[in-house]
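Right, one structure below, let's go through it.
The values are calculated or read from the model by the stated rules, or taken from the named source; none is laboratory data. The structure displayed is predicted, hence computed values, not measured ones. Cβ sites come from the backbone with ideal geometry, for glycine too, and all protein chains shown count toward neighbours. Each accessible area value is taken on the protein alone, full model and side chains, heavy atoms only, with ligands, DNA and RNA left out. Shrake-Rupley method; radii C 1.70, N 1.55, O 1.52, S 1.80 Å.
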Amino acid sequence: MKRLRQVSLRQWVVVGTVVVIVGSVVIVAMAYAGWTLGLGTHDRGVTVTVALTADALFAGLVATVLALSAYWAASGTADLHVELTFNYSKPNEPVFKLGTPLPGTSWRPIEPFKQNRARVVVYNRSKYSARNASVQIRLRGFMNVQPVPGWLVISSANMVGATAFQWDGGADQLVHEGVARVLREFTLIDAQVDPASTQPLIVVTVVADGVKPKPIMMPVRALEPDEWSKYMQEIGIQTFTV
């Protein structure tokens, strides 16, 4: 549809330009060849003035349409969506295997394996490019989350560690229409959760110039080893060794 709209706009630009040129030719012909175009007068001053006015009006109309089209194309809002996909999990549905409880605490480590690594992708589903795109990942119910290369820690708490990260695309890196922008990998190495007292939650928000924040709530499924084995069988992986 967008390509058809582009072709249509280009056709109108060509048609408008041709008509303006033809109008200019008619003016010259009326001035020097005596064309009257059915105006009922042979006064060249009158006929040329009428043709000149009509040509100017049409040229102004074409310029207005083109200006409005350019404004419409430049002022549109991008439609951004983000997917956070951990290994062995569906997009935006994180599932982790719990490790042995830490001595003297109810906190449980997330098993250190590929399940801790996530692919982060930003999609632009509109026909307008997004400028200054930014993605925030906020963690609730997590502890001991380590810094992640390529992600800036924007929030932390004593005895807990990092609680929020941010990626910034910058003004010179646009997210174009139909493009999947793959960001740096996000990891939860050494992370711990306490699902017995708090539901672990990951909140991912994507923003850009003119784009309102769209937070996505991702409740975390923290599974016991036997539950994890059943889950792995459900998704088609029969054997799994840490």
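Those residues that are outside any loop (DSSP other than H, G, I, E, B) and surrounded by fewer than 13 Cβ atoms within 10 Å (Cβ to Cβ), I need them from segment 185-214; list them, please.
Step one: filter segment 185-214 for residues outside any loop (DSSP other than H, G, I, E, B), giving 186-187, 192-193, 201-208, 211-214.
Hits for segment 185-214 are 212, 213.
If I go through segment 175-184 residue by residue, how many of them are under 11 Å from the mean Cα position of the chain (by Cα) and open to solvent by 40 Å² or more (accessible area, probe 1.4 Å)? Give the steps one after another, and end with the answer.
Looking only at segment 175-184, we keep the residues that are under 11 Å from the mean Cα position of the chain (by Cα), and these are 175-181.
Next, from what is left, pick out any that are open to solvent by 40 Å² or more (accessible area, probe 1.4 Å): 176-181.
Counting residues in segment 175-184 that are under 11 Å from the mean Cα position of the chain (by Cα) and open to solvent by 40 Å² or more (accessible area, probe 1.4 Å) gives 6.
Quick check on my filter: what residues within segment 130-154 are of a type outside the set (D, E, K, R) and open to solvent by 40 Å² or more (accessible area, probe 1.4 Å)?
Of the residues in segment 130-154, the ones of a type outside the set (D, E, K, R) are 130, 132-137, 139, 141-154.
132, 136, 144, 146, 147, 149, 150, 152, 153, 154 - these are the residues of segment 130-154 that are of a type outside the set (D, E, K, R) and open to solvent by 40 Å² or more (accessible area, probe 1.4 Å).
Could you tell me which residue of segment 65-91 is least open to solvent (accessible area, probe 1.4 Å), considering only residues that are of a type in the set (Ser, Thr, Tyr) and either part of a helix (DSSP H, G or I) or at pLDDT below 85 (or both)? Write out each step before concluding.
First pass over segment 65-91, keeping only residues of a type in the set (Ser, Thr, Tyr): 69, 71, 75, 77, 85, 88-89.
Among the residues that remain, those that are also either part of a helix (DSSP H, G or I) or at pLDDT below 85 (or both) are: 69, 71, 75, 77.
Numbers: 69: 36, 71: 153, 75: 59, 77: 76 Å².
Of everything passing the filter in segment 65-91, 69 is least open to solvent (accessible area, probe 1.4 Å).
Can you tell me which condition residue 94 does not meet? The list is (1) in contact with an Asp or Glu (Cβ under 7 Å, 6 or more places away or on another chain); (2) modelled with pLDDT of 95 or more, and all the others hold.
So the condition that residue 94 fails would be (1).
Please specify each residue of segment 145-161 satisfying the condition of being assigned to a strand (DSSP E or B), at pLDDT 95 or above and farther than 16 Å from residue 213 by Cβ.
Correct list: 152, 153.
Please go through segment 94-128 and pick out each residue that is out of contact with any strand residue (DSSP E or B) (no Cβ under 8 Å at 6 or more places or on another chain), open to solvent by 50 Å² or more (accessible area, probe 1.4 Å) and not polar (S, T, N, Q).
Hits for segment 94-128 are 103, 104, 112, 114, 127.
Residue 222 fails exactly one of the following numbered conditions: (1) in contact (Cβ under 8 Å) with a residue 24 or more places away in the chain; (2) in a loop (DSSP other than H, G, I, E, B); (3) surrounded by 12 or more Cβ atoms within 10 Å (Cβ to Cβ). What is the number of that condition?
Condition not satisfied by residue 222: (2).
When you look at residue 164, is it at pLDDT 95 or above, surrounded by 15 or more Cβ atoms within 10 Å (Cβ to Cβ) and either touching a strand residue (DSSP E or B) at 6+ places or on another chain (Cβ under 6 Å) or among the aliphatic types (A, V, I, L, M) (or both), yes or no?
On the way: at pLDDT 95 or above: yes; surrounded by 15 or more Cβ atoms within 10 Å (Cβ to Cβ): yes; either touching a strand residue (DSSP E or B) at 6+ places or on another chain (Cβ under 6 Å) or among the aliphatic types (A, V, I, L, M) (or both): yes.
Here the answer is yes, as residue 164 does meet what is asked.
What single numbered condition from (1) outside any loop (DSSP other than H, G, I, E, B); (2) open to solvent by 80 Å² or more (accessible area, probe 1.4 Å) fails to hold for residue 172?
Just one mismatch for residue 172, condition (1).
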